[in-house]
Ligand SMILES: Nc1ncnc2c1ncn2[C@@H]1O[C@H](COP(=O)(O)OP(=O)(O)O)[C@@H](O)[C@H]1O
Ligand SMILES: [Mg+2]
């Protein structure tokens, strides 16, 4: 359903064209792609039959290798083989120290960018570029399978991802040349995969325990609408901690104190193997053969359960918290869905079941469920499902705040507020003739700005000069359906919009992305320019078509003659320009038409609100 | 954006201006409205459509947030009823109420030294939940009879209770942080 575009029931405006869409799970350890074909959703394998693509990228002298081939080179060439970069998406150089030796790469801060680069033999790359390589590989796999280009993708992100991490993911997709319909939260995707499968309404909890993170979300499912009620978790808690717990136990058994990092790595690999064995067996054998340590141990399931008891308890504390946020009681939960590799651990299933008082659902493969949900959503968004009865309503995972006096944070939008959301705040000037001001936006729950994540500094300019305290500057913070924030500002008494310059704390600037795009494409500059012009032409035609169809429907009902004539004139102007203008000129003409039809579109929306609730079903509404 | 300012949030959601709301209908209508205006419905639309859809969906969510929350709903109803509320300058002169608040706060402080603070918090929370139910009933009665000033007083108490509940929440978060 388009806002301006109207199709009468039974009348098709264009020959139906199938849009191909894919769902991508861009994971820390592994990534996957899924598509929906002939009513079936499936994850896609590579030519060797592997569905999981290790999230590893190897930079050789000239080539870039992704996935299994890269993974195989990791031991031999660790510094040029990048893995787990999801952990540094949207992070600054100073955050990297907290990751310790988990990521052994050679990080470089660069003077003119806030995004850390990793030094490889080929070039210095950011996590965004590495992720783009993974996305390209998966999109290519889907296109090979479909035999056609993808019109759009849905990419999943952890629910707790902040604005910077989401923006980084979007940027990666842009570099990969993908049209992103939506960033979808992983637990929501899992709910979709289960919900549509089981076709059951109610309130469900999604418990997602991965390698390094824990996510818990509560959703209400009602007639195809998935409404996230609250989300929470712990971004540094997961299977890796279980490995460490076993590792410590091994060292204790062997009476070891300080050890070097190579031995530690061996111990952790053995620990992980033992942990995974204990999923099926009641005991695991641990053999380590190192000059400093030769042991052969047996780890009982019961001992393992004791080792991880605290960790599991911590996750249940988060569950309790999120229930409170959702204003619900344990017994309101009708189903618990288990997602993530670590939910294979029997103690986890047992304790979660005990906590919620029901048997957790584990029938879908926890590795694939997220990609499957994303593919289902992608298919709906592509417009292939005319009834469009599925809708996903998400929330803001972390509060949005601004910095106030003394480095304190003031909440503007609280966590778990449904998105999209907009909140306005009024400021005034404190000096005569003041024309600029700055706002620092952070995300998090803590009182001190320094304990929250810095998102961006916004500089407002062009405020009309007035005496101190006379200007009324309304700043509006908006979060879209992807969880991405934007800021606009207006001086209310004059109606003058302020110019805003954004300085992202940890993101790429538009210029950087442009440069990367140009670098990554082998095309000459002319090709890229031609592509941008072609895109503007398509957009121009789309806008004209939308306006024509709206005007013929209700233009004379909702507009007076002057207003009508003004829109038509802007429309004709644009049409005339399509074939003989530059990209910039076209952009401006589109903007002009949009400006003259803004009020009209708003009226149409208000009209349609009435119809939505008046009992007609949504498909009949001429929006 | 231009939204229909004549329309209040209750009307937007097809509900009567009444404190007792039909929650199922509210949820249903929220879904219907979002089904029509959510940006996901415009991923193939023009940039303008996308932008407006975000604004419209945000506005619907704003209404939803206010209708859903009894305290915000009560305050909003007073505004719809023509009262100008100024949060900073409002106090309550009800001493019995103030005494009770002080007691509750003391009880909360004692929680910190008791053996099972989580359960202790739950206990206070239950008590407060009971209180807010009573206040809600009072508010409704006053509002319906047109005693706006009394309704405003009660809404103030509802706000106090909610604030303490939030503090308990905050405290529980601290407890969790300690354990984690
Ligand atoms: N059979 C198993 N038993 C226990 N843990 C497992 C098993 N299989 C995988 N895992 C653990 O799952 C984690 C990876 O989960 P995954 O959901 O893929 O993580 P992420 O989403 O963080 O990349 C690792 O810690 C791995 O050891
Ligand atoms: Mg995962």
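List of remarks:
- Residues of region A:346-353 include at least one that is within 16 Å of ligand 2 (Cβ to nearest atom), at pLDDT 90 or above and either in a strand (DSSP E or B) or at negative phi (or both).
- Matching residues in region A:392-411 - criterion: being over 17 Å from the mean Cα position of the chain (by Cα) and surrounded by fewer than 23 Cβ atoms within 10 Å (Cβ to Cβ): A:402, A:403, A:404, A:405, A:406, A:407, A:408, A:410, A:411
- Selected residue [surrounded by fewer than 15 Cβ atoms within 10 Å (Cβ to Cβ), assigned to a strand (DSSP E or B) and in contact with a strand residue (DSSP E or B) (Cβ under 9 Å, 6 or more places away or on another chain)] from A:236, A:217, A:296: A:296
- Picking from residues in region A:195-206 that are more than 18 Å from the chain's Cα centre (by Cα) and either at pLDDT 90 or above or within 16 Å of ligand 1 (Cβ to nearest atom) (or both), the one that is surrounded by the most Cβ atoms within 10 Å (Cβ to Cβ) is A:205.
- Among the residues of region A:48-65, the ones that are outside any loop (DSSP other than H, G, I, E, B) and either within 14 Å of another protein chain (Cβ to nearest Cβ) or more than 16 Å from ligand 1 (Cβ to nearest atom) (or both) come to 4 in all.
- Identity of the residue in region A:24-47, away from ligand 1 (no atom under 16 Å from the Cβ) and touching a strand residue (DSSP E or B) at 6+ places or on another chain (Cβ under 9 Å), that ends up farthest from the other protein chains (Cβ to nearest Cβ): A:46
- Matching residues in region A:66-98 - criterion: being in a loop (DSSP other than H, G, I, E, B) and either surrounded by fewer than 18 Cβ atoms within 10 Å (Cβ to Cβ) or not assigned by TED's automatic domain parsing to the domain that holds residue A:171 (or both): A:74, A:75, A:76, A:77, A:92
- Test: residue A:360 is within 16 Å of ligand 1 (Cβ to nearest atom), closer than 20 Å to residue A:221 by Cβ and touching a helix residue (DSSP H, G or I) at 6+ places or on another chain (Cβ under 9 Å): yes
- Checking residue A:189 against (1) surrounded by 24 or more Cβ atoms within 10 Å (Cβ to Cβ); (2) within 15 Å of the chain's Cα centre (by Cα); (3) more than 16 Å from ligand 2 (Cβ to nearest atom), the condition it does not meet: (3)
- Hey, residue A:399 within 13 Å of chain B (Cβ to nearest Cβ) and free of Cβ contacts under 8 Å to residues at least 12 places away in the same chain or not: no
- Residue match in region A:556-564 (condition: surrounded by 17 or more Cβ atoms within 10 Å (Cβ to Cβ), at pLDDT 85 or above and in the same structural domain as residue A:531 (by TED's automatic domain parsing)): yes
- Within region A:149-169, being more than 16 Å from ligand 2 (Cβ to nearest atom) and within 14 Å of another protein chain (Cβ to nearest Cβ) holds for A:150, A:151, A:152, A:153.
- Matching residues, region A:461-478, being over 11 Å from residue A:494 (Cα atoms), out of contact with any helix residue (DSSP H, G or I) (no Cβ under 8 Å at 6 or more places or on another chain) and not in a loop (DSSP other than H, G, I, E, B): A:461, A:474, A:475, A:476, A:477
- In this structure, residue A:155 does not satisfy being farther than 23 Å from residue A:67 by Cβ and touching a residue at least 60 places away in the same chain (Cβ under 8 Å).
The values are calculated or read from the model by the stated rules, or taken from the named source; none is laboratory data. Since the structure is predicted, the reported quantities are computational estimates derived from the model, not experimental observations. Cβ atoms come from the backbone with ideal geometry, glycine included; neighbour counts cover every protein chain shown.
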